[in-house]
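Read-outs throughout are calculated quantities, based only on the coordinates presented, and are distinct from any laboratory measurement. Given the structure is predicted, the values throughout are model-derived calculations rather than measurements. Here Cβ is always computed from backbone atoms with ideal geometry, including for glycine, and neighbour counts include all displayed protein chains.
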Amino acid sequence: MRSRRLAAAVVVASALTAPSPRARAADPAPLREVGFGVKNGRLVVSVGLQDLFGPAERARLKSGFATRILVRAALEEASSGDPVALAVQRAEIVYDIWDEKFAIRISDGLGAERRTVAATAEEAIGRAAVLLDASVIEAVRLHPGTDYVLAVRGDLNPISEDLLVEVRRWLVQPARGQRRLGAGDSFFGSFVSIFVNPRIEDSERQVRFVSQPFLWGQVPPPPPPPKPQPTRTHR
Amino acid sequence: MLARAGAPLLVVAILTAGARAAAAPDSPPDPGAGAGIDAAATPAEAAFPEAPFGPHYVIEEVRVTGNRKTQTSLIVGELAVLGLSPGASVDASDARVEMARYRLLSLGYFLDVHLSVIRGSKRGAVVLVVAVEERGTLVINELFPATSEATLFWGGADVSEMNFLGRGINLGAGFVASTKPVVPGAHAGLGLRLHVGVPPLGGPDGVGLSVTGLYNDGSEFYRASGDDSDPDPGRFVATRVKRAGGVLTAGKMFPHNLHATASFREEWVDATLPSLQTQTLPNGSPGPPIDFMINPGSSRVGTGAVGLDYDTRSDPVLPRSGMRTALSVEVGTAAFGSSYGFVKTVFNGSFYARMPRGALGFHLFAGAIDGVAPYFDRFFVGDLDLLLPRRALGINFSTQPAPSFLLHSSIAAERYDNYAGRLLVEYAVPVWRHKGLVYGGDAFVAAGLFAMANDEDTLSSPSVGLTGDLGLRLDTYVGVFTVSIANVLSRSSF
């Protein structure tokens, strides 16, 4: 229970201290405190991304259609930036306009799925936009004495690759009145009349951050399941 | 103890180590840290479960809000294409809902669009509410500021209102005006365009109609003396040509990204030729008569044309894969009232291949004219060579010949020809994405060959030139800008 409270504290604190979610890929990723631990021989992480939802997004949770949250967390070697492992969590929130409850479906990178119900929007966000003991990698695969960071990206209503392609095709349809590239025009034309709507990005809202760096234990890593051992850590 | 209890063993940031720990709380660990998150993720990992989730609805009514300008029928029609109309069933997690949102956004009329449902007459029945936030729809299509040795300055713009009267009507206007060129006998140029395009009749997949009106009053330049590579405006003579007319075009989108058009063009032309109509050769001896490629006095151009456009590019602005090919055939004949009889065939193709750090593009252009076309319908060297100024609204303001980078090339002599081809290879590397009003930027380098010939006799040995460019292509809020070496060399902007 204590660990649950600690996890919750990290999740809430990290969300409260988070910068604006408008930061995009090109901006330096800000720092956000992430809880690391070992569970059943695997590195697990906990962090909140509730700031993916602004007031407008919270209000739209009651649209009656699914709101999707995609969280990707890459464990990287701090020195090289090389990704070591990737954790994914997909969550959907649907408000039932008759029962007036929020249904939540969450699945992870391995396809495991769980469903739950929330009475309020805050509760629904708290369950869907949070990584709580999310499994990242077997602890034995981490190298003692190596610095790691966790790079996290959360997307609200991410647009799929297929739909993005379709959208881009709509943009180039001459019938939709947005293009004037004629047969004789230069493809290197100085100024092409394609108007790209600013909302057509790869998601409606995005949060990016990196964790504080951590040095994996100088001591032997914990043995794998089924007999997980308490893990000593360094400060 | 925690593990024994079966609870997760959570270690809150206590793995932070040593000296690094002291610096960590206030600053990111590394400026580049976290950059790998995009590379590490794959589309498969981002894919949500396909199984429906949430309630199942039957749409009783589609209600549109926030559209002060855009017609409701236009929005409802876009949804109907996806099957979101009264009587239809839809799941709470139905992909068509998101698709509808982006389909409406891609019209360019709205800043934002959101779909929701409210209770209908009974449980399971809903009213589909489409809330739109309209945006300004005035778009800059082209800017023309430039200068050349022959014309001190020409400038203008081509702008469009994409949602005129809220009916999805595309109303565009363009103008270009110049100072008086220093070529003997030349007049200041003026070009005007008015374009109206209506949404496809019968819904988004119907037939779209557009009309373009044009008025040009300008001069074209012809070499009267000097070497082919000499750009001195004093060695040219000028005609004065007025053109007035228009083009009516019908277009339809077909499945598989195929778009077809048919158009009809009618123009009235009035040409005043200079008194000097014979060329003087570089050695001072009289040369052949100058071919002005236009009938003196009044004439007409009447043509009918068909075109096919096939587009599978991954992105219209900064493509990474796919292709775009366009083929058009235009016929000028007395049956359309034309004083000029010709058949003009143009093929344009671009093919893209994804590379480890960017994309490779191959751009092929080929055109042929059979018969006698007026000069403005022929292939102009400035439209082929990236290093020369292009025509603005169909008017040329430069006497600059194409540079002859190849030995024994006669490309400098070519200006308007009946046959032209170009092959360009371009390598583009993304520099950044998502940065304020500049959505993306690609650095690119392009190189290629172009060839021109005026008749079938010279078609077997055409004049060949080298061209290329190096710069940045910026995808911005208001359009696509190119900042490149060619901009500088051709003395034209963007």
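Phi angles of the stretch B:85-99 translate, via the Karplus equation with coefficients 6.51, -1.76, 1.60 and θ = phi - 60°, into HN-Hα couplings of 9, x, x, 7, 9, 8, 8, 4, 9, 4, 5, 5, 5, 5, 4 Hz per residue; Gly and Pro are given as x.
So if I place +1 on the C-beta of Lys and Arg and -1 on the C-beta of Asp and Glu, and nothing else carries charge, what would the dipole magnitude of chain B be about its Cα centre? I want it in debye, nearest 20.
Details: 38 positive and 46 negative charges, 255 e Å.
Taking the Cα centre of chain B as origin, the dipole is about 1220 debye.
Given their separation in residues at 0.36 nm each and the Cα-Cα distance between them, B:GLU134 and B:VAL58 gain 24.6 nm when the chain is fully extended.
Other protein chain C-beta atoms within 10 Å of residue C-beta, averaged over A:76-88: 4. The relative contact order of chain B comes to 9 percent, based on Cα pairs under 8 Å that sit 6 or more residues apart. Projecting the Cα atoms of A:TYR95, A:LEU52, A:ASN40 onto the charge dipole of the stretch A:30-112, computed from C-beta unit charges around the Cα centre, puts A:TYR95 farthest toward the positive end. Sorting B:458-464, B:375-381, A:114-120, B:444-450 by average packing, meaning the other beta carbons within 10 Å per residue, from highest down gives B:375-381, B:444-450, B:458-464, A:114-120. Remark: the stretch B:251-256, residue by residue, has Karplus-estimated 3J(HN,Hα) of x, 9, 8, 10, x, 6 Hz, where x stands for each Gly or Pro and the curve is 6.51 cos²θ - 1.76 cosθ + 1.60 at θ = phi - 60°.
What is the order of B:LEU466, B:LEU152, A:LEU156, fewest Cβ neighbours within 10 Å to most?
Details: B:LEU466 17, B:LEU152 13, A:LEU156 21.
In order of increasing Cβ crowding within 10 Å: B:LEU152, B:LEU466, A:LEU156.
Under 5 Å between amide hydrogens, built in the peptide plane, is the criterion, and for B:LEU111 it picks out B:GLU133, B:GLU134, B:ARG135 among residues at least 5 positions away or on other chains. For the stretch B:377-394, the Karplus equation 6.51 cos²θ - 1.76 cosθ + 1.60, evaluated at θ = phi - 60°, returns couplings of 9, 7, 7, 9, 4, x, 7, 9, 8, 5, 8, 10, x, 7, 6, 10, 6, x Hz by residue, with Gly and Pro reported as x. Partner shielding of A:55-68 amounts to 5, given as the average count of beta-carbon atoms from other chains within 10 Å of each residue beta-carbon. For the stretch B:138-489, the extents of the C-alpha atoms along the principal axes are 60, 45, 39 Å, listed from largest to smallest.
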